[in-house]
Amino acid sequence: MKTHYIEDLSEGMEASYERTVTAADIEAFAQVSGDTNPVHLDEDYARGTMFKTRIAHGMLSAAYISTVLGTRLPGPGCIYMSQSLKFLAPVRIGDTVVTMLRLTSLDTVKRRAQFHCQCSVGDKKVVEGEAMVMVPSRG
């Protein structure tokens, strides 16, 4: 993992992360978060919903945004300040979520970077939003 300091950043930089969601991922997320909504964990229950099958927690996909920020761009040492999200479509077991972040604005004095965040499954956007992070400085 490489840390990008505020001095290394420029608007337009991008980074991504890809992960195929498994039943074990959903169950672990439910355990850690405490969100045991049966639409995520019980196939019989989920079959009776508009989704017709179990779906991943929206915040599981959103967590992949945190993965990019904390491990790729800007990387280790950045601190989340805010996040806005729109959940646009469900993620199902076996879906591969591609998370892409693009740096949209930079405040080098306050050491803040804003990113456009998007999670997609194929050509379908499943989560979209903006994140603001504080970025470490060399000085």
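The values are calculated or read from the model by the stated rules, or taken from the named source; none is laboratory data. Everything numeric here is computed off the predicted structure, so don't read it as measured data. Every residue, glycine as well, gets a Cβ built from its backbone with ideal geometry; the counts of neighbours run over all protein chains shown.
Worth pointing out:
- Scanning region 117-138 for residues that are free of Cβ contacts under 8 Å to residues at least 40 places away in the same chain and not small (Gly, Ala, Ser) yields Gln118, Val121, Asp123, Lys124, Lys125.
- Among the residues of region 94-139, just one is part of a strand (DSSP E or B), out of contact with any strand residue (DSSP E or B) (no Cβ under 7 Å at 6 or more places or on another chain) and within 23 Å of Asp8 (Cβ to Cβ), namely Asp107.
- Scanning region 101-139 for residues that are of a type outside the set (D, E, K, R) and within 17 Å of Pro90 (Cβ to Cβ) yields a total of 8.
- Residue check, Val121 touching a Cys at 6+ places or on another chain (Cβ under 7 Å) and either at pLDDT 95 or above or not aliphatic (A, V, I, L, M) (or both): no
- Picking from residues in region 94-105 that are crowded, with 17+ Cβ neighbours inside 10 Å and more than 13 Å from the chain's Cα centre (by Cα), the one that is nearest to Asp42 (Cα to Cα) is Asp95.
- Matching option when the condition is within 19 Å of Ala131 (Cα to Cα), modelled with pLDDT of 95 or more and of a type in the set (D, E, K, R), among Lys52, Lys86: Lys86
- Any hit, region 28-40, residues being surrounded by 13 or more Cβ atoms within 10 Å (Cβ to Cβ), closer than 21 Å to Gln114 by Cα and hydroxyl-bearing (Ser, Thr, Tyr): no
- Counting the residues of region 1-42 that are within 27 Å of Thr53 (Cβ to Cβ) and not in a loop (DSSP other than H, G, I, E, B) gives 20.
- The residue of region 81-93 that is surrounded by the most Cβ atoms within 10 Å (Cβ to Cβ), among those that are in contact with a helix residue (DSSP H, G or I) (Cβ under 9 Å, 6 or more places away or on another chain) and in a loop (DSSP other than H, G, I, E, B), is Val91.
- Test result for Gly75, of a type outside the set (S, T, N, Q), outside any strand (DSSP E or B) and surrounded by fewer than 18 Cβ atoms within 10 Å (Cβ to Cβ): no
- Residue in region 69-83 that is closer than 14 Å to Met13 by Cα and either at pLDDT below 95 or in contact with a Cys (Cβ under 7 Å, 6 or more places away or on another chain) (or both) present: yes
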